[in-house]
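The values are calculated or read from the model by the stated rules, or taken from the named source; none is laboratory data. Since the structure is predicted, the reported quantities are computational estimates derived from the model, not experimental observations. Backbone-built Cβ (ideal geometry, glycine too); neighbour counts: all protein chains shown. We work out accessible area using only protein heavy atoms, side chains counted, and drop any ligands, DNA or RNA first. Shrake-Rupley method; radii C 1.70, N 1.55, O 1.52, S 1.80 Å.
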Amino acid sequence: MSGLMELVILVPCFFLVALIKFLYDYLWVPLRIQHMMNSQGIKGPPYKFIHGNNEEATKMRQEALSKPMALRHDIFPRVQPHIYTWINRYGRNYIYWNGIRAVLVISEPELVKEVLKNNENTFPKKKPSIYFSNLLGNGLVLIEGEKWLKRRKLANHAFHGESLKNMTPAIIASVETMLEKWKGQEGREIEVLKEFRLLTSEVISRTAFGSSYLEGEKIFAMLQKLTIIMSRNLFKTRIPLISKLWKSADLLESEKLSKEIKDRVMKIVKKREDEVVNGEVNSFGNDFLGLLVNAYHDSDEKNRFSLEDLLAECKTFYFSGQETVNSLLSWIVLHLAIHGDWQENARREVIDIFGNQNPHLEGIFLFSKQTTMIINETLRLYGPSNGLARAVTREVQLEKLLLPANINILPLYIGVHRDPHFWGDDVHHFKPERFAEGIAK
């Protein structure tokens with residue numbers, strides 16, 4: 001009977017403690033952080049119990065994407081309507097709520113510099129969502145410290161000058177194949193993003209992984225699916241206990257895709273290993289994959305890559321290498337199609353350097369103002385990333401702001417790149433001459 005009495009007393013106590021903890025995490029802490037930031041002049045949409053501002057953000061995105069858009073460069077209200085709305089309402093620096101997690105959005109250049117400088121690891125990279133982890137693993141984009149230095153050094157070695165020189169013939173061959181295909185479609189519309197996706201996929205497969213496009217094609221397709229899944233779950237609130245007990249269809253699909261990518265990458269790695277074992281070649285190779293496999297088999301435990309390290313870097317490079325480059329190429333081609341004067345400037349510069357010859361590495365390094373200005377202005381208007389969030393793990397000072405622990409910081413590149421205060425009233429116009437004196441000016 002005494003055991004039953006103890007149970008009768010303990011069960012309500014357990015639920016009471018759990019309720020207090022839940023209210024502390026989901027109500028008290030957010031309201032305290034909100035008050036602390038508001039008292040320093042940092043405003044934002046008010047916190048809403050459990051969901052934060054996720055429902056508002058989702059609704060704004062759906063509304064923005066449901067409307068057609070004219071051919072203009074003012075894309076901020078469309079791609080990030082919630083942030084655009086809140087910046088105009090609350091100022092360049094404001095706070096919003098991704099569930100119970102506060103996000104400090106900053107678009108003042110000095111604050112952005114301070115956060116990205118991060119000399120003492122004051123603002124580490126934010127822990128990725130489960131969807132982002134399935135997409136890229138724990139690769140170069142997400143790691144820091146010694147691990148980051150080691151992997152960055154390996155990537156630099158794979159793509160130094162001499163390596164790039166050796167890659168040039170393969171890149172030229174891929175481009176020539178694409179241009180021959182285009183000649184057969186003269187007078188018709190071409191979906192350049194799709195074409196450049198095929199091109200960059202083939203170039204990355206050939207130069208970084210020593211494989212055919214067909215081997216990498218499925219990996220690229222699955223990475224694209226993972227990106228779409230991640231995108232539609234950006235503002236879905238995850239409640240820790242419930243999400244551990246029940247997995248959504250999207251989460252199950254992303255885990256399945258992540259496993260399939262792992263299996264396909266391992267087939268490519270195994271093929272490279274078998275070539276060495278069977279005596280077909282005497283090394284794993286000097287391309288990116290070869291260096292990764294070398295690191296995976298390194299006899300020195302300090303330098304050795306784990307299987308997860310190897311897979312993460314393959315996924316990161318397959319995805320980041322492709323998406324950033326094909327996006328940049330597509331926007332450059334669109335800009336040059338619209339602005340015939342800059343198209344002529346770029347063509348003249350290329351002909352002055354190469355004449356009627358194919359490009360070569362030495363000549364590429366001679367590219368002067370025109371091409372560089374076009375690339376920089378395109379990156380200003382259509383950068384490949386809107387910002388990589390950082391975390392605040394302890395109470396810390398940022399300029400005049402005292403930031404509490406357990407919040408995120410989003411340095412908003414698009415906010416800086418499209419602020420008329422810095423760029424003038426023609427901020428949404430394509431004007432490469434802005435960079436006539438280089439990036440520093």
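Count of segment 257-277 residues, restricted to those that are open to solvent by less than 40 Å² (accessible area, probe 1.4 Å) and under 21 Å from the mean Cα position of the chain (by Cα), is 4. When segment 68-81 is filtered for residues that are modelled with pLDDT under 90 and among the basic types (Lys, Arg), only Arg72 remains. When segment 203-215 is limited to residues that are in a helix (DSSP H, G or I) and under 18 Å from Ala155 (Cβ atoms), the one that is most open to solvent (accessible area, probe 1.4 Å) turns out to be Arg206. Screening Arg418 with (1) surrounded by fewer than 16 Cβ atoms within 10 Å (Cβ to Cβ); (2) under 18 Å from Glu108 (Cα atoms) gives one miss only, at (1). Scanning segment 393-440 for residues that are assigned to a loop (DSSP other than H, G, I, E, B), over 19 Å from Ile374 (Cα atoms) and without any contact (Cβ under 8 Å) to a residue 60 or more places away in the chain gives Arg394, Glu395, Ala405, Asp425. Taken as a whole, the structure places Tyr84 among residues that are within 30 Å of Lys400 (Cβ to Cβ), without any contact (Cβ under 8 Å) to a residue 40 or more places away in the chain, open to solvent by less than 90 Å² (accessible area, probe 1.4 Å) and not in a loop (DSSP other than H, G, I, E, B).
Residues that are touching a helix residue (DSSP H, G or I) at 6+ places or on another chain (Cβ under 7 Å), over 20 Å from Val333 (Cα atoms) and in a loop (DSSP other than H, G, I, E, B) within segment 355-388 comprise His360, Leu366, Asn386, Gly387, listed in sequence order.
Given the conditions (1) closer than 18 Å to Leu291 by Cα; (2) among the small types (Gly, Ala, Ser); (3) open to solvent by 80 Å² or more (accessible area, probe 1.4 Å), report the number of the one that Gly187 does not fulfil. If we test Gly187 against (1) closer than 18 Å to Leu291 by Cα; (2) among the small types (Gly, Ala, Ser); (3) open to solvent by 80 Å² or more (accessible area, probe 1.4 Å), just (1) comes out false.
Of all the criteria given as (1) surrounded by 15 or more Cβ atoms within 10 Å (Cβ to Cβ); (2) over 24 Å from Arg418 (Cα atoms); (3) touching a residue at least 40 places away in the same chain (Cβ under 8 Å), the one not satisfied by Ile143 is (3).
Total residues in segment 87-119 satisfying the condition of being open to solvent by 10 Å² or more (accessible area, probe 1.4 Å), touching a Pro at 6+ places or on another chain (Cβ under 7 Å) and farther than 29 Å from Glu63 by Cα: the figure is 2.
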